[in-house]
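Here the structure comes first, spelled out in structure tokens, and everything after it is commentary.
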Amino acid sequence: MAATHQAVLDQWESVSLWQKLTIRDVLWGLLVVAGSGYAYALYQGYMDSYEVAIQIGATLALIAWGLYWKPVRLFSLTVAGLTVVALWRYGTDFDLRKSDFLLKYFLESQAAFMWMSSLYVLATFAYFAALLGRSEFTGKTATALTWIAATMGLTGLLVRWRESYLLGADIGHIPVSNLYEVFILFALITALLYLFYEDRHHTRAMGGFALLVISGAVAFLLWYTFGRDAYHIQPLIPALQSYWMKIHVPANFIGYGAFALAAMLGVAFLLRTGAEAHDPNGLLARVLPPLELLDDVMYKAIALGFAAFTIATILGALWAAEAWGGYWSWDPKETWALIVWLNYAAWLHLRLTKGWRGAPMAWWAVIGLFVTLFAFLGVNMFLSGLHSYGSL
């Protein structure tokens, strides 16, 4: 029986990728290519050769993403549909956001971000309610709220991109240029990373912890929005007028999102460890995610984040060489990026070569989030340098 099973596996692995594709897979790829082609036809006048190359790469990445993780197909198509509706309602008049019902209350970027923020907070409460009450319905509701929040967040970013061009061709830019925009990107990426692991492991027990850090980002975002009027679209400063920003910043925030997710799972790990030590039959010990699951996902998140952060650091060095004439200048932002990289490199090294696991690694993941947070936000607040344009 074992030999037969192995033979089937060997036969399956020998089948080419093309033979494994289904009609739905092919349709997915064709839809993405068609959508990308339509976007190119509309906006090619704003694009240079580098941006065309980025669009081609993003198109291929989206196709691969949808093949690897099926739920992202409906997510992407829904975002595309909502974005098209928003752009249709706008036309060429930015002021319609004040009078058009759909734009004013749902699809204008600021309205979409407010929906996103509210839904993430509701999802946080729903996940914890589902965890403590062991309610399958509440858990499904929490998942749905998170998906809808992510949908509104990405739709808002894409609409904001168009809005910037409606203000003027010289103002238009991808919305990843300031703290307001990247906090939205952070919340979006962290949520999608969590939803991926929720789907892969068929459990919602980690949801409340993952959404807690997203709700924290939402709280900062709301303060930054209303306390500092940060939601206004501003022209890019010269240092940011580069195609490198379009790939460096998203890669960076895949790293930040993954590290934040790992830290929150570290918190859950420590709570579960403490609960088992003090009251093995208590509520927390019974409802919190298993230690093996938390340890595994924490490791996978840090590995993914480290890979993305490494790519982002290399891209940042290339951007610096073009903008400032050198790959590395020991600017405070660069120095703290190196500290973050070394921190997680050491974490992975000890995990893979020494087999370190358990509470010490969970504590390290939690502390690592504070190191990352200082590199992301603290440097902008307390230190000055070449990256001072990102200050509060």
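Here, each number is a calculation from the coordinates, and none is a lab measurement. These numbers come from a predicted model, not from an experiment. Note that each Cβ is placed from the backbone with ideal geometry, even for glycine, and that neighbours are counted across all protein chains shown.
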From the list (i) 22.0, 69; (ii) 20.2, 65; (iii) 28.7, 96, can you say which value of Rg and Dmax of the Cα atoms in Å was derived from the structure given? (i)
Can you put Val218, Val33 in order of Cβ neighbours within 10 angstrom, beginning with the fewest? Val33, Val218
Can you work out ³J(HN,Hα) from phi for every residue in the stretch 234-244, in order, using Karplus 6.51 cos²θ - 1.76 cosθ + 1.60 and θ = phi - 60°, giving whole Hz and x for Gly and Pro? 10, x, 6, 6, x, 5, 9, 7, 8, 5, 4
Order of Trp319, Trp328 under a 10 Å beta carbon neighbour criterion, fewest first: Trp328, Trp319
Around Leu185: net Lys/Arg minus Asp/Glu count, Cβ-Cβ under 13 Å: +1
Where is the GNM fluctuation largest for the chain (alpha-carbon springs, 10 angstrom cutoff): Phe382, Phe196, Phe75? Phe382
Please list, by residue number, everything in the stretch 231-262 whose backbone N is under 19 Å from a paramagnetic label point 7 Å out along Cα→Cβ of Leu348. 248-262
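Using only Cα atoms, figure out Rg for the stretch 12-68 and give it as a multiple of 2.2 N^0.38 Å.
On the way: Rg = 13.9 Å, N = 57, 2.2 N^0.38 = 10.2 Å.
Output field value: 1.36.
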Could you let me know the centre-to-centre spacing of the stretch 337-386 and the stretch 120-169, using Cα atoms, in angstrom? 27
Ranked by GNM mean-square fluctuation in the chain (Cα springs under 10 Å), the top entry among Leu103, Leu31, Leu188 is Leu31
Would you tally the net charge around Gly358, using a Cβ to Cβ cut-off of less than 15 Å, leaving Gly358 out, and scoring K and R as +1, D and E as -1? 0
Entries in Lys300/Lys333; Lys300/Lys354; Lys20/Lys70; Lys70/Lys140; Lys104/Lys246 that, when Cα-Cα distance is taken, lie over 22 Å: Lys300/Lys333; Lys104/Lys246
Return the sequence-ordered ³J(HN,Hα) values of the stretch 351-367 in whole Hz as given by the Karplus equation 6.51 cos²θ - 1.76 cosθ + 1.60 applied to θ = phi - 60°, using x for Gly and Pro. 5, 7, 9, 9, x, 5, 8, x, 4, x, 6, 5, 4, 4, 5, 5, 5
Taking the alpha-carbon centroid of each part, what is the distance from the stretch 186-243 to the stretch 47-71 in angstrom? 21
Between Arg89, Arg204, Arg228, where does the largest GNM mean-square fluctuation fall for the chain, given springs only between Cα atoms within less than 10 Å? Arg228
